[in-house]
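Take a look at the structure below.
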C-alpha cells in the first residue's frame, strides 16, 4: 500500500468515526407515556408541539397542545403541558417537578426518579362542593409518581434496549374531579443511535368519588379498570428534531352498571420535539461512542476487502464519506474540547495500528 493511499484510508476511517452519530438526543427521552428517570441536563430547554385525537362513544376529541422541558440541575428538571380541547377550550394544564438520583450524568444501568405532578383542571365540576350548573368549580390536584428504568446497553453494548416502569395517581387527569385513580405503566424501547421504537402497556384503576346531586357516597374500591397497549416510534429529523407518533388501542375495560366509565377505544398521538438550548450530556456522549465503536468495527473490514480486490482509492473514499455530516457539537466547553482531542488521538493510534496490520 502506498503512502498516499495510507493517508486516504486513514482520513476515511477517522472522519467516519468522528461524524457518525452526531445526534441531538436528550438523556431524558423515554417512551410516549413514560419519561426516563434521567433528567434533561442543566440549562437544556426542549419545547414540543403535540397533537392527539381519540375516539369514544361520545364522539371524536382533538387535543393539540404545547410541552416545555427545562433542566435546572444535574438531578432536577421542570416540565409543563397545556392543551386546547377541540381547538376551542383550554384543557388540563400540567406541571411536573422531577428529582432523580445522583449519577444521572452517566450511562447507568438502573435509574429511579420521583415526580410531583400538578394538574390544573379546566373541566367544569358541577358535582362537588358548592358547585352548580351555573357556577362550576375548577380544581387543582397534586399527585405523586415514581419512575424507574433499566438501560441494558450499559451492561451489554450489543443490546440497545431500555425498559421502563411508572406508577402514578393520575391515569386520566381530565377525570380527577370524578375519580380517584391509580396508574401502572410498563414500556420497552429499542433505543438506536438515531431512531427509536417503543411499546407501552398501561392499566388504570378508577374509584368514583362522592356525587352530591345523587347523594351517592362513592365507591369503596377501584371497581372500574382499563387496559391498553401503545406502540410508538421516534424518528430523528436532520439529526436534531424528533418526530414522535403513537397509536393507543384499548384492550379491555371493566365498568359498573351505574355511571360507567366511558371507554376510549382508540387514541392517535403525534409530537415534534425541538431543542431550543442543548448541550450534549455525558450520558448521551457515552451512548454515541458505543454506536461509533460498533460502526468502526465494520470499517476496517470494508477497506481491507477493497484493498485486496484492488478497488480504486476514489471508490473507497466515496464509500466511506458518503452522507457524512461534518458539523461539530455546538457550544463546546474547553473541557469538552480537550476530551474530544483525546478521543481523536486514541482513534488515530487505533487506525495507525490498523494500517500496519493491512501491510
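The values are calculated or read from the model by the stated rules, or taken from the named source; none is laboratory data. Note that the structure is predicted; figures quoted are calculated from it, not measured. FYI the Cβ positions are ideal-geometry reconstructions off the backbone, even for glycines, and counts take in every protein chain you see.
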For this session: Tell me, yes or no, whether the range 78-86 has at least one residue that is surrounded by 15 or more Cβ atoms within 10 Å (Cβ to Cβ), farther than 23 Å from residue 248 by Cβ and free of Cβ contacts under 8 Å to residues at least 60 places away in the same chain.
Result: yes
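Yes/no per residue for (1) at pLDDT 75 or above; (2) part of a loop (DSSP other than H, G, I, E, B):
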{"residue": "256", "(1), (2)": "yes, yes"}
{"residue": "259", "(1), (2)": "yes, yes"}
{"residue": "275", "(1), (2)": "yes, no"}
{"residue": "283", "(1), (2)": "yes, no"}
{"residue": "287", "(1), (2)": "yes, no"}
{"residue": "295", "(1), (2)": "no, no"}
{"residue": "306", "(1), (2)": "no, no"}
Seminar exercise, completed: The strands (runs of 3 or more DSSP E) lying entirely within the range 91-180 that contain at least 2 residues which are at pLDDT below 95 and touching a strand residue (DSSP E or B) at 6+ places or on another chain (Cβ under 9 Å) are 93-100, 110-120, 140-151
Problem set entry | Among (1) farther than 28 Å from residue 24 by Cα; (2) not assigned by TED's automatic domain parsing to the domain that holds residue 147, the one test that residue 122 misses | (2)
Exercise. Does residue 246 meet the test of being modelled with pLDDT of 95 or more and within 14 Å of the chain's Cα centre (by Cα)?
Worked result: yes
For this session: Identify all residues within the range 59-77 that are free of Cβ contacts under 8 Å to residues at least 24 places away in the same chain and in a strand (DSSP E or B); write none if there are none.
Result: 59, 60, 66, 68
For this session: Tell me, please, whether a residue that is within 15 Å of the chain's Cα centre (by Cα) and free of Cβ contacts under 8 Å to residues at least 40 places away in the same chain can be found in the range 207-228.
Result: no
Problem set entry | Scope the range 55-75; condition surrounded by 15 or more Cβ atoms within 10 Å (Cβ to Cβ) and over 23 Å from residue 173 (Cα atoms); matching residues | 71, 72, 74, 75
Problem set entry | Residue list for the range 142-160, restricted to those being touching a helix residue (DSSP H, G or I) at 6+ places or on another chain (Cβ under 7 Å) and touching a residue at least 24 places away in the same chain (Cβ under 8 Å) | 153, 157, 160
